[in-house]
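The values are calculated or read from the model by the stated rules, or taken from the named source; none is laboratory data. Predicted, not measured: the structure shown is a model, and the values here were computed from it. Methodologically, a virtual Cβ is constructed for each residue, glycine included, from the backbone with ideal geometry; neighbour enumeration extends over all protein chains shown.
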Amino acid sequence: MKWISKNLNKIRTMNPLVQNITNFVVMHATANALLAVGASPVMAHAKSELEDMLKIADSLVVNIGTLDEAWIPSMEKAVKIAADFKKPVVLDPVGAGATRFRTETALNLLKIGKITVLKGNLGEISALLGRQGLTKGVESKEYNEKLALKLALDAALKFETTVGITGPIDYVSDGNNTFVLKNGSPILRKVTGTGCMVSAIIGAFLGVTNPIESTVSGITVFNVAAEKAYQEAPYPGSFLVKLYDQLYKIDEKTIEEVANVSKI
Amino acid sequence: MKWISKNLNKIRTMNPLVQNITNFVVMHATANALLAVGASPVMAHAKSELEDMLKIADSLVVNIGTLDEAWIPSMEKAVKIAADFKKPVVLDPVGAGATRFRTETALNLLKIGKITVLKGNLGEISALLGRQGLTKGVESKEYNEKLALKLALDAALKFETTVGITGPIDYVSDGNNTFVLKNGSPILRKVTGTGCMVSAIIGAFLGVTNPIESTVSGITVFNVAAEKAYQEAPYPGSFLVKLYDQLYKIDEKTIEEVANVSKI
Amino acid sequence: MKWISKNLNKIRTMNPLVQNITNFVVMHATANALLAVGASPVMAHAKSELEDMLKIADSLVVNIGTLDEAWIPSMEKAVKIAADFKKPVVLDPVGAGATRFRTETALNLLKIGKITVLKGNLGEISALLGRQGLTKGVESKEYNEKLALKLALDAALKFETTVGITGPIDYVSDGNNTFVLKNGSPILRKVTGTGCMVSAIIGAFLGVTNPIESTVSGITVFNVAAEKAYQEAPYPGSFLVKLYDQLYKIDEKTIEEVANVSKI
């Protein structure tokens, strides 16, 4: 998939501005991941500035990881403005399925906005499709390859969007095109916010290319960087440090050697 | 104390879900500390989801480090629901004594909820016992071994809870059993949120054992990991990275070699 | 400039308490930078505790990086109390120029409080002087040495304060004294919150010396530490870790060898 490197180079040339309305846990990590990969992050959620900021942003990432009643109107307003401005939007429904509040908020955002990419784990996406109880806090309780593939397709059709389901193997589908991605590292589960970083990086790609390429590229670039980082540092603290380094270093050669992406 | 390792192994087998209502400074650090040690963190404070989340959580950690008027109703509701659901609760009264607002909020949470473990530094615990002015921001202005021991016991009796007072030497008491813990590293004072990580890790232990063992085990596992990390990296940035690594690596052998815990 | 080291030594002896009302992205990083350099950080924004906390704080840092309507009354109240208590205040107008909301909020704080030091990038300071559109999110779109020098002076005169404009070359002016500072590293642009750390460190210096020395010392100590860190680790993840280490290690000898400060 030559286009993964090509898209990454575009990020580094164009430095897309990615606006994030995200959770408190990962704001620092997400901003650093975006900078390392070559994008410009901004974290802005105040209703009073959404219009001004979205006017200059290249994409919007909405993440409900520390959802608060007071932030929901901001998220709603932001996805509506993004739709008006035709700016692409990533939704990361962190913890959907763990509480009805998160499931319902995510479903509402899918309904009132124009979500370009929906990215979650199996528990979260299955909750949005009506099957609760597979989410333990913000983690997926189980993983099943066939189910992940099926639900990626189901969600793409139901929500008319591009869907990425991440896990030991990742599936991406827009209903017509489906990809299976086999990179990553088990240590990612021992570091908080790695899924949120992936969503933000997909947002960076949305600033330079289409939804399906963005989702495949974002997940793959992140997971390839994670594999390289794990080779250098197999413990979670050191790994996270090396992960930023690798997101900064990753290039065409590494992607071609390591990326495991196939269309199915 | 064989039970420290035994409890740690239980965390790694059972992966207790620890719900945190904590401060903005340490959310990322706390989540990573919990993951490294083997637990599952979730940060959730919205009133609308407290009941759903506490239903699946194994314990709750409430930390007032960046206390906000808007968050107090969430904290109050959470400790009440936790009492109803018989879920154990850690309270970390960060900055009590520095402002009346923090002292009073912490005292109110102690009154309306069923706090299983109260963990703070000497300035904070003495403020809750009525002696203000020993807290400089979020740090304790002074440390006095005899006073720490006395106040751990006093607070345990007054609040009918298990109390941990951390400092150069740590004291843990539930009124009947009192422990003195002599691990740790002075560099911990040069890294933000280390006390908050300890409280969160005590929360992880509460998902697998009783209050007194949880408090002793949480402080000791953290401090032993800190000693090992300091041996590898005696500067604050590198130290914090190694601290996560050590929380992940720490095992029975290291605990037995390094832990300095005695019952008094 | 012998006084840079002298001021740094004062921070390490006196451990000034720096109260921060800052953004969610950098709270952890800022607290750690302050601890590393020798100060005591506290993050406190609740209206109910501003008076108690400012009573014991040595300085206040206000940063609008994730500005929220609900936080503005806190910021306003804090700068008013600081003026009453004669505590020095740093204002970092993060993202001014990107949205009118940020520009207006920063201007209002300059009007109602007594801002001791105004520290921003060229896009932000030019926005406060009436020229919008040079800010891309939280970054400055362009940099021009002559303009930076001119605007530092203009802003110092207009707002009757000490101004620091950071960029590849930094300018500091209080209207009477103007300094040009030539330290730093391009990698700082690849790590989030480095500008915010500088503002916080200026706040630490304000606890021990006057505004012009504080601003020059804060920027220089940070940038010298950054140069040393970059020599050890030229990638963003590792660099940030080494930056904290260097802020902790930096001493008179290093400052004298590396600092490039001249009065113009």
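The single residue among A:96, A:106 that is touching an Asp or Glu at 6+ places or on another chain (Cβ under 7 Å) and within 14 Å of another protein chain (Cβ to nearest Cβ) turns out to be A:96. Here C:80, C:87 are screened, and the one residue that is in a helix (DSSP H, G or I) and not hydrophobic (A, V, I, L, M, F, W, C) is C:80. Among the residues of the stretch A:15-53, which ones are among the aliphatic types (A, V, I, L, M), in a helix (DSSP H, G or I) and at the interface with chain C (Cβ under 7 Å from one of its Cβ atoms)? Scanning the stretch A:15-53 gives A:27, A:31, A:35, A:36, A:53.
Candidates in the stretch A:75-109 are the residues that are in contact (Cβ under 8 Å) with a residue 40 or more places away in the chain and closer than 15 Å to residue A:131 by Cα; of these, the one that is farthest from the chain's Cα centre (by Cα) is A:98.
Given the criteria more than 24 Å from residue A:28 (Cβ to Cβ) and among the aliphatic types (A, V, I, L, M), does residue C:264 qualify? Before the answer, list the steps.
Numbers: more than 24 Å from residue A:28 (Cβ to Cβ): yes; among the aliphatic types (A, V, I, L, M): yes.
Yes; evaluated as a whole, the condition is true for this residue.
The number of residues in the stretch A:92-116 being under 24 Å from residue A:52 (Cα atoms) and touching a Ser or Thr at 6+ places or on another chain (Cβ under 8 Å) comes to 4.
Filtering B:184, B:175, B:120 for residues that are in a loop (DSSP other than H, G, I, E, B) and surrounded by 24 or more Cβ atoms within 10 Å (Cβ to Cβ) leaves a single hit, B:184.
Scanning the stretch C:54-70 for residues that are more than 21 Å from residue B:28 (Cα to Cα) and not in a helix (DSSP H, G or I) yields a total of 6. Considering the conditions (1) within 16 Å of residue A:68 (Cα to Cα); (2) of a type in the set (Phe, Trp, Tyr); (3) at the interface with another protein chain (Cβ under 7 Å from one of its Cβ atoms), residue B:71 is excluded by exactly one of them, (3). For the stretch B:45-99, filtered to residues that are β-branched (Val, Ile, Thr) and under 23 Å from residue C:74 (Cβ atoms), the residue that is surrounded by the fewest Cβ atoms within 10 Å (Cβ to Cβ) is B:72. Just one of the listed residues (C:229, C:155, C:233) is within 22 Å of residue C:12 (Cβ to Cβ), in contact with a helix residue (DSSP H, G or I) (Cβ under 9 Å, 6 or more places away or on another chain) and at pLDDT 95 or above, namely C:229.
Of all residues in the stretch B:224-253, exactly one satisfies the criterion of being more than 14 Å from every other protein chain (Cβ to nearest Cβ) and crowded, with 24+ Cβ neighbours inside 10 Å, namely B:224. Can you tell me which residue in the stretch B:128-137 is surrounded by the fewest Cβ atoms within 10 Å (Cβ to Cβ), limited to those that are part of a loop (DSSP other than H, G, I, E, B) and out of contact with any Pro (no Cβ under 8 Å at 6 or more places or on another chain)? For the stretch B:128-137, the residue satisfying everything is B:130.
Among the residues in the stretch B:172-183, are any of a type in the set (Phe, Trp, Tyr), touching a strand residue (DSSP E or B) at 6+ places or on another chain (Cβ under 9 Å) and either away from chain A (no Cβ under 14 Å) or closer than 30 Å to residue C:248 by Cβ (or both)? Yes, the conditions are met somewhere in the stretch B:172-183.
Residue C:142 meets the conditions (1) assigned to a helix (DSSP H, G or I); (2) within 14 Å of another protein chain (Cβ to nearest Cβ) in every case but one. The failed one is (1).
Take the conditions away from chain A (no Cβ under 12 Å), more than 30 Å from residue B:249 (Cβ to Cβ) and touching a strand residue (DSSP E or B) at 6+ places or on another chain (Cβ under 9 Å) and apply them to residue B:91. Does it pass? Lay out the reasoning, then the answer.
On the way: away from chain A (no Cβ under 12 Å): yes; more than 30 Å from residue B:249 (Cβ to Cβ): no; touching a strand residue (DSSP E or B) at 6+ places or on another chain (Cβ under 9 Å): yes.
Judged against the criteria, residue B:91 is not a match.
Can you name every residue in the stretch C:91-117 that is at negative phi and either among the small types (Gly, Ala, Ser) or in a strand (DSSP E or B) (or both)? Show your work before the answer.
First pass over the stretch C:91-117, keeping only residues at negative phi: C:91-94, C:96, C:98-117.
Across the stretch C:91-117, the qualifying residues are C:91, C:92, C:96, C:98, C:99, C:106, C:113, C:117.
For the stretch B:160-179, a residue qualifies if it is over 15 Å from the mean Cα position of the chain (by Cα) and small (Gly, Ala, Ser), and exactly one does: B:175.
Condition check ((1) surrounded by fewer than 19 Cβ atoms within 10 Å (Cβ to Cβ); (2) touching a Ser or Thr at 6+ places or on another chain (Cβ under 7 Å); (3) within 19 Å of residue C:116 (Cβ to Cβ)) across all residues:
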| residue | (1), (2), (3) |
| --- | --- |
| C:7 | no, yes, yes |
| C:12 | yes, no, no |
| C:24 | no, yes, no |
| C:32 | no, yes, no |
| C:43 | no, yes, no |
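In summary, residue C:112 fulfils each of the numbered conditions (1) touching a residue at least 60 places away in the same chain (Cβ under 8 Å); (2) β-branched (Val, Ile, Thr); (3) more than 18 Å from residue C:23 (Cα to Cα) with the single exception of condition (1).
When the criteria are applied in full, residue A:6 fails the requirement of being in a loop (DSSP other than H, G, I, E, B), farther than 27 Å from residue B:46 by Cβ, among the basic types (Lys, Arg) and more than 8 Å from every other protein chain (Cβ to nearest Cβ).
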